Amino acid sequence: LLRDVGGVRLVGHGGTTNGQHSEFAMVPERGFAFISMTNCGPNGPELNQRLSVWALEQFAGVVEEKPEPVLLGDEALMVYAGRYETVAAIVHVSAQAGRLAARVEVKPEMAALLRESGEELPEPEPVMLLGMLGGEGDRFVGADGPAKGLKGYFRRDATGSIDGLHLGGRLANKVAAGA
């Protein structure tokens, strides 16, 4: 995942599986790389995020502005509400007091595969509160709790309709509109 922060190119990626969380960040032009791994849930991603921000500032001189979400009315947020799916998970998104509430669940067929292979099922993730960001695009940031600071966006199709959700490094396709 590539991004620019203050004119500096960052390369990064994170990952999560069954309570294992990782974060990788690299700043090639500054000769810096960072990795953090934890098996702590549900706050492991927050720990990795905080460590990454600290390391980038202290050792690579990269300071990213913290995005401030804007409060929108629930009616304006309904365009994002719905059910989104990846091969392994279902994400239910609803409007809740000016924010989006996202609840992630493992698909039954994935849960069955995990059980068959002797894996433990991951703990259910707490509901994530997401705040929309101003400016271009349908970007959001985790507003509170373990998802605080998590960044993502909604994808639009050629007609301008929301057809996907990029959350936690994965793209989930919209399969049903919210009610």
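The values are calculated or read from the model by the stated rules, or taken from the named source; none is laboratory data. Just so it is clear, the structure is predicted and the values come from calculations on it, not from any experiment. All Cβ positions, glycine included, derive from the backbone under ideal geometry; neighbour counts span all protein chains shown. All accessible areas refer to the heavy atoms of the entire protein, side chains included, with ligands and DNA or RNA removed. Shrake-Rupley method; radii C 1.70, N 1.55, O 1.52, S 1.80 Å.
I need the semi-axes of the equivalent ellipsoid of region 112-179: take the C-alpha gyration tensor, multiply each eigenvalue by 5, square-root it, list largest first in whole angstrom.
27, 18, 10
For residue 58 and residue 173, FRET efficiency with R0 = 41 Å and r from the beta-carbon atoms, rounded to 0.05?
Approximately 0.60, to the nearest 0.05.
Counting Lys and Arg as +1 and Asp and Glu as -1, each charge on the Cβ, what is the dipole of region 27-179 about the Cα centre in debye, to the nearest 20?
The dipole of region 27-179 has a size of about 100 debye.
Figure the gain on full extension for residue 47 and residue 68 (residue separation times 0.36 nm, minus the Cα-Cα span) and round it to one decimal in nm.
5.6 nm
Report, in whole Å, the centroid distance computed from the Cα atoms of region 94-163 and region 1-79.
16
Which of the residue pairs 107/151; 107/174; 66/174; 66/151 have a Cα-Cα distance greater than 21 Å in the structure shown?
107/151; 66/174
Towards the positive end of the charge dipole of the chain, with charges on Cβ (+1 Lys, Arg; -1 Asp, Glu), say which of 56, 175, 82 has the farthest Cα.
Comparing the listed Cα positions along the dipole, 56 ranks first.
For region 15-55, just the Cα set please: Rg and Dmax, both in angstrom.
Looking at region 15-55, its Cα Rg and Dmax stand at 10.9, 34 Å.
Translational D (Stokes-Einstein, µm²/s) of region 45-145 at 20 °C and 1.002 mPa s when Rh comes from the Kirkwood sum over C-alpha pairs?
134
Along each of its three principal axes, how wide is the spread of alpha-carbon positions in region 1-107, in whole angstrom units, largest first?
Extents along the principal axes, in whole Å: 45, 32, 22.
Per residue, how much accessible area does region 1-92 have with a 1.4 Å probe, in Å²?
In whole numbers, region 1-92 has 61 Å² accessible per residue.
With n ≥ 4 as the cut-off for DSSP H runs, can you work out [θ] at 222 nm for the chain, using -39500 (n - 2.57) per run divided by the number of residues, rounded to the nearest 500?
-5000 deg cm²/dmol
Enter the mean projected area of the convex hull around the alpha-carbon atoms of the chain, in nm², rounded to one decimal.
11.1
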